[in-house]
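Any read-out appearing in this document is the output of simple, stated calculations on the displayed coordinates, not a laboratory observation. Quick caveat, the model's predicted, so the values are computed rather than measured. Backbone-built Cβ (ideal geometry, glycine too); neighbour counts: all protein chains shown.
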Amino acid sequence: MTLGALIAKRGPIRKIGVIGMGYVGIPAAVLFADSHKFEKVYGFQRDSPSSGYKIAMLNRGESPLKGVEPGLDDLLKRVVAQRKFECTSDFSEIAELDAVTLSIQTPFLNKDDLLPDFSALKDGLKNVGRHLNEGMLVVLESTITPGTTTGFAREILEAESGLVAGSDFALAHAPERVMVGRLIRNIREHDRIVGGIDPVSTQRAAELYSQVLTKGKVIPMTATAAEVTKTAENTFRDLQIAAINELALYCEAMGINVYDVRTGIDSLKGEGITRSLLYPGAGVGGHCLTKDTYHLERGVQQLGKALLDYPQGEPSLFVLARRINDFMPRHMYRLTVDALARAGRTVDGARVAILGWAFLSNSDDARNTPSEPFRDDLIRAGAKVSVHDPYVNDYPGVPISCDLDAAIQGVDAIAIFAGHHEYNTLDAAHVKALTGKQHPVIVDGRDLVDPVLFIANGFIYKGIGRGDKNNHEIIG
Ligand code: SAJ
């Protein structure tokens with residue numbers, strides 16, 4: 001019997017499983033459960049010491065996710081009360097399902113070797129494979145290296161089940177595109193890339209996801225194209241940030257204001273002639289843009305190395321973009337050292353306050369924060385560093401204060417790393433008084449403060465891209 005016939009015999013998708021009760025799996029599961037098209041959704045969560053608590057919490061209708069997620073709590077309470085959603089650690093329930101999605105994190109093994117840790121995903125695939133039946137659909141939602149769905153994912157599922165992907169069961173990749181703080185809205189409103197290992201798999205996966213889309217539509221393609229789409233969409237964002245960061249470095253060297261140039265370039269509008277100008281800054285953090293480029297690079301090396309025609313000896317533009325963005329914290333360090341020198345201080349023994357430990361404005365997410373390499377450089381050079389962040393409470397090995405005045409008290413230099421709202425209203429006179437210095441330093445990594453005000457108050461100012469101000473006359 002063909003896969004199509006097996007699926008026809010099974011009929012429409014009614015019972016769904018979601019593996020991985022994290023910030024991707026939970027909203028996905030409750031949205032499936034909220035659809036009248038589906039009868040029951042199981043959320044699968046390993047009963048491990050670190051996250052087994054989620055099972056009871058979810059079955060009480062309580063979300064274990066941090067932060068505010070509009071719509072999620074009500075949805076979760078409703079589908080639990082209706083008994084349409086249930087969280088369990090019993091993976092044997094998978095055998096009764098029509099479709100299973102895997103939303104399992106694929107973090108780096110460690111930041112330096114840029115290799116992903118697929119161990120949790122492989123465990124999830126083994127659990128699914130052991131209970132896989134004919135005519136079922138398996139979808140990977142995790143961000144994965146191109147070639148994974150048709151590679152080890154297919155191999156593990158087939159080895160554990162004895163079934164054949166594309167003949168006995170459908171297999172697809174539908175990458176998540178959700179942002180913390182807007183999980184429900186993103187799943188409903190973003191277009192959904194759906195890539196099967198074959199057209200029948202693509203169609204079955206489209207049937208699953210079309211039920212939860214409101215504004216969004218399904219964009220069908222192959223599984224590998226879907227893997228490349230997801231990794232490339234973040235690679236391109238990283239590239240656009242690197243382009244404006246490089247321009248900012250050029251503008252500093254040429255003594256001009258990168259924001260004047262940005263406004264000028266952006267003024268060239270009209271069909272097809274606009275540019276996508278992002279914003280220069282103190283660096284690029286997070287768990288998306290810092291790794292997805294390397295997923296894409298590994299993908300093309302694994303899938304296309306023999307056929308790739310590329311300028312001889314030239315590095316990947318995308319990897320170079322990563323290097324430029326990762327250089328920005330080092331540039332912030334050099335700006336700080338230069339400014340301290342103008343104040344007659346060496347960085348050794350200087351007291352420096354870092355404003356912002358989160359990698360994103362007004363967020364408590366500090367994964368791969370650019371503030372960390374900056375702090376490391378300062379400490380290596382003998383500076384005493386204080387860190388302030390209104391959202392991030394703790395971070396291994398880094399004391400973080402939520403008292404801004406206390407963090408600034410008596411320092412020689414202030415470096416702004418995150419664009420938190422709180423830093424938009426820094427008062428130059430008040431900050432100067434807190435430092436107690438005649439010429440305190442301020443290094444603005446997110447274009448938050450007005451250089452004129454701070455310079456007029458005796459500060460020594462440096463700003464990313466502010467070649468027009470970075471060698472200003474010192475007042476007072
Ligand atoms: N950043 C800049 N300049 C910019 C934009 C961002 O320096 O113009 C820096 C930020 O400070 C941050 C880093 O880049 O350190 C990443 O910022 P981000 O806005 O890209 O946020 P992420 O990393 O959470 O990216 C996510 C991605 N979403 C998913 O992977 C589902 C990305 O695809 C989205 O485009 C992005 O959110 C978004 O637009 O919100």
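Computed from backbone phi, the HN-Hα couplings of segment 50-59 come to 7, 9, x, 4, 5, 4, 5, 4, 5, 6 Hz, rounded to whole numbers (Karplus: 6.51 cos²θ - 1.76 cosθ + 1.60, θ = phi - 60°; Gly and Pro given as x).
What number, in percent, do you get for the relative contact order of segment 36-179 if the mean sequence gap of Cα pairs under 8 Å and at least 6 apart is divided by its residue count? List each step's numbers first, then the result.
Details: 200 pairs, mean separation 28.0, N = 144.
Relative contact order here is 19 percent.
Any of LYS384/LYS437; LYS37/LYS217; LYS269/LYS469 with alpha carbons more than 24 Å apart? Name them for me. Provide the component values of the computation, followed by the final result.
On the way: LYS384/LYS437 16 Å; LYS37/LYS217 17 Å; LYS269/LYS469 29 Å.
LYS269/LYS469, as the Cα separations exceed 24 Å there.
Across segment 247-261, coupling constants 3J(HN,Hα) worked out from phi with the 6.51/-1.76/1.60 Karplus curve, θ = phi - 60°, read 4, 5, 5, 4, 5, 4, 5, 9, x, 10, 9, 4, 6, 5, 5 Hz, and Gly and Pro carry x. Here each label is just a point 7 Å from Cα along the line to Cβ, and for GLN302 and ARG334 those points are 3.6 nm apart.
Restricting the count to DSSP beta bridges whose residues both fall in the chain, what percent are antiparallel, rounded to a multiple of 5? So the antiparallel bridges amount to about 10 percent of the total. Amide H contacts for LEU140 (H built 1.01 Å from N in the peptide plane; partners 5 or more residues away or on another chain; cut-off under 5 Å): LEU102, ALA172, HIS173, ALA174. Taking other Cβ atoms within 10 Å as a rough exposure proxy, THR346, THR293, THR224 sort from fewest to most as THR346, THR224, THR293.
Starting from the Cα gyration tensor of segment 101-242, take the square roots of the eigenvalues, sort them a ≥ b ≥ c, and report rounded, prolate or oblate (rounded when a/c is under 1.5, otherwise prolate if a/b is larger than b/c, else oblate). Can you show the working numbers first?
Details: a/c = 1.82, a/b = 1.19, b/c = 1.53.
It is oblate, given that a/c is not under 1.5 and a/b is not larger than b/c.
Here the extension length gained between SER361 and GLU271 equals 29.2 nm, from 0.36 nm per residue of separation less the Cα-Cα distance. Taking 0.36 nm per residue of separation and subtracting the current Cα-Cα distance, fully stretching the chain between ASP74 and TYR310 would add 79.8 nm.
Fewest-first ordering of ASP365, ASP403, ASP444 by other beta carbons within 10 Å of each residue's beta carbon gives ASP403, ASP365, ASP444. Once backbone amide H atoms are built at 1.01 Å from N, ILE193 has ILE219 as its partners under 5 Å, excluding neighbours fewer than 5 places away on the same chain. Our estimate of slack between MET179 and ARG60, defined as 0.36 nm per intervening residue step minus the Cα-Cα distance, is 40.4 nm. Annotation: lysines with alpha-carbon distance below 23 angstrom to LYS305 (same-chain offsets under eight excluded): LYS230, LYS291. Measuring how big segment 3-216 is from its alpha-carbon positions, Rg and Dmax come out at 16.0, 49 Å. Look at HIS173, HIS190, HIS420 and count the other Cβ atoms within 10 Å of each Cβ; fewest to most, that gives HIS190, HIS420, HIS173. Between the helical axis of 199-210 and the longest alpha-carbon principal axis of the chain there is an angle of about 70 degrees.
Across segment 230-241, rounded Karplus estimates of 3J(HN,Hα) from the backbone phi angles (6.51 cos²θ - 1.76 cosθ + 1.60, θ = phi - 60°) give 5, 5, 6, 5, 7, 4, 5, 5, 5, 5, 5, 5 Hz, Gly and Pro being marked x.
Taking other residues whose beta carbon is less than 13 angstrom from the beta carbon of GLN45, and scoring Lys, Arg as +1 and Asp, Glu as -1, yields -3.
If you take the Cα Rg of segment 43-128 and divide it by 2.2 N^0.38 Å, with N the number of residues, what do you get? Mind showing how you got there, number by number?
Working: Rg = 15.0 Å, N = 86, 2.2 N^0.38 = 12.0 Å.
That works out to 1.25 for segment 43-128.
Most simply put, segment 3-216 has about 10% antiparallel DSSP beta bridges, counting only bridges with both residues inside it.
Helix-derived [θ] at 222 nm for the chain: sum -39500 (n - 2.57) over DSSP H runs of at least 4, divide by residue count, nearest 500?
Details: 17 runs with 187 residues, N = 476.
After summing the helix terms and dividing by the residues of the chain, the value is -12000 deg cm²/dmol.
Name all residues of segment 134-153 having a backbone nitrogen under 18 Å from the label point set 7 Å from the Cα of LEU115 along its Cα→Cβ direction, giving them as ranges. Inside the label zone: 144-148, 152-153. Averaging 1/r over every pair of different alpha carbons in the chain and inverting the result gives a Kirkwood radius of 24.5 Å.
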